[in-house]
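Note sheet for the following structure.
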Amino acid sequence: MSGSSKAINFLAVSSSSSSHLCSTKMALAISDELLATFVPIVVYWIYSAFYTSFGSFDNYRLHSKKDEEEKNLVSKANVIKNVLFQQTIQSTLAIVLYRVIGNEGGGASKSQPNSITVMAGQFIIAMFVLDTWQYFMHRYFHHKKFLYRHLHSHHHKLVVPYAFGAIYNHPLEAFVFDIIGGALSYSISGMSPRTSMYFFSFATIKSVDDHCGVWLPGNLFHIFFNNNSAYHDVHHYLYGGKYNFSQPFFVMWDRIMGTYMPYSLEKRAEGGFEARPIKRAK
């Protein structure tokens, strides 16, 4: 075989190897859409585990362990089953929605933001959209007796909220609140799938924090957001169902719509804290 033939064969083999390597890398690559679907689920359980460990310290709890065991109307095993089922359904629908929204844009994912400023702007828009959607849906599900009795009452079986029960809901309610709300915030903000991974992970952390049943000193969410674990705890009181519908970020709509109920945080004699509603004079 001549030298030139050997060179040609070598180049052909090298080209084939390079192509195979590229194909392998592409096969192993995980799309931003998949990351945006599954990373928030992983974040949910990791952050819930963090707060569950603090739940054993009575000095940080908003309710006693006894109250959690006696007042809640559903077992923790059933809560875990419900949440896992919901996450399975939501992840399936999320993948479909990412494909549909991507195809509407010509079949390609939206381009990544060029700067932190762009991403911050998209975050703010998405937060406003999600808050607006969830406030009015949440309030509507409380005021319509049929919807409350058959759907939203599932969530309020947790009279004493805890971290991994944050998204314990009826699946139909979860579709309305989370899937539709998430799709709206994603589409209207114009964020990319990669940015949505960060946003939905942040929203997941915030939701878990609001339901954790724990008041940790120095919690940054308590510093930057008035909507926090104590604020939402008031809503879970038996008489709190008419107030504090805002979730998961701001209390803006409660203030505007007259459903805002302030509270005072008091230390309990047996340890921990209690969020005591401050009823306003009419």
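So which residues in the stretch 154-175 are out of contact with any Cys (no Cβ under 9 Å at 6 or more places or on another chain) and open to solvent by less than 30 Å² (accessible area, probe 1.4 Å)? Even if it seems obvious, please write down each step before you answer.
Pass one, the stretch 154-175, residues out of contact with any Cys (no Cβ under 9 Å at 6 or more places or on another chain): 154-160, 164-165, 167-175.
Within the stretch 154-175, 155, 156, 158, 159, 160, 164, 165, 167, 168, 169, 173, 174 meet the criteria.
Residues that are farther than 14 Å from residue 235 by Cβ, open to solvent by less than 70 Å² (accessible area, probe 1.4 Å) and assigned to a helix (DSSP H, G or I) within the stretch 245-282 comprise just one, 252. Of the residues contained in the stretch 88-103, none is found to be at pLDDT below 95, assigned to a loop (DSSP other than H, G, I, E, B) and more than 22 Å from the chain's Cα centre (by Cα).
Report, by residue number, each residue of the stretch 248-275 that is in contact (Cβ under 8 Å) with a residue 60 or more places away in the chain and not acidic (Asp, Glu). Quick ask: steps written out before the conclusion?
Step one: of the stretch 248-275, the residues in contact (Cβ under 8 Å) with a residue 60 or more places away in the chain are 248-250, 252-254, 257, 259, 268, 270-275.
248, 249, 250, 252, 253, 257, 259, 268, 271, 272, 273, 275 - these are the residues of the stretch 248-275 that are in contact (Cβ under 8 Å) with a residue 60 or more places away in the chain and not acidic (Asp, Glu).
Scan the stretch 30-60 for residues that are modelled with pLDDT of 90 or more and under 19 Å from residue 101 (Cβ atoms) and the total you get is 10.
Restricting attention to the stretch 131-153, which residues are open to solvent by 40 Å² or more (accessible area, probe 1.4 Å) and not hydrophobic (A, V, I, L, M, F, W, C)?
In the first step, residues of the stretch 131-153 are kept if they are open to solvent by 40 Å² or more (accessible area, probe 1.4 Å); the result is 133, 136-137, 139-140, 143-146, 148-150.
Hits for the stretch 131-153 are 139, 140, 143, 144, 145, 148, 149, 150.
Being among the aromatic types (Phe, Trp, Tyr) and either open to solvent by 20 Å² or more (accessible area, probe 1.4 Å) or outside any helix (DSSP H, G or I) (or both) is the filter here; which residues of the stretch 198-229 pass it? Explain how you work it out, then say what you get.
Applying the first criterion (among the aromatic types (Phe, Trp, Tyr)) to the stretch 198-229 yields 198-200, 202, 215, 221, 224-225.
The answer is 198, 200, 202, 215, 221, 224, 225.
The values are calculated or read from the model by the stated rules, or taken from the named source; none is laboratory data. Note that the structure is a prediction, hence the values are computed from the model and not measured. Counting neighbours? That spans all protein chains shown, and the Cβs are built from the backbone with ideal geometry, glycine included. Note: areas computed on protein heavy atoms with side chains; ligands, DNA, RNA excluded. Shrake-Rupley method; radii C 1.70, N 1.55, O 1.52, S 1.80 Å.
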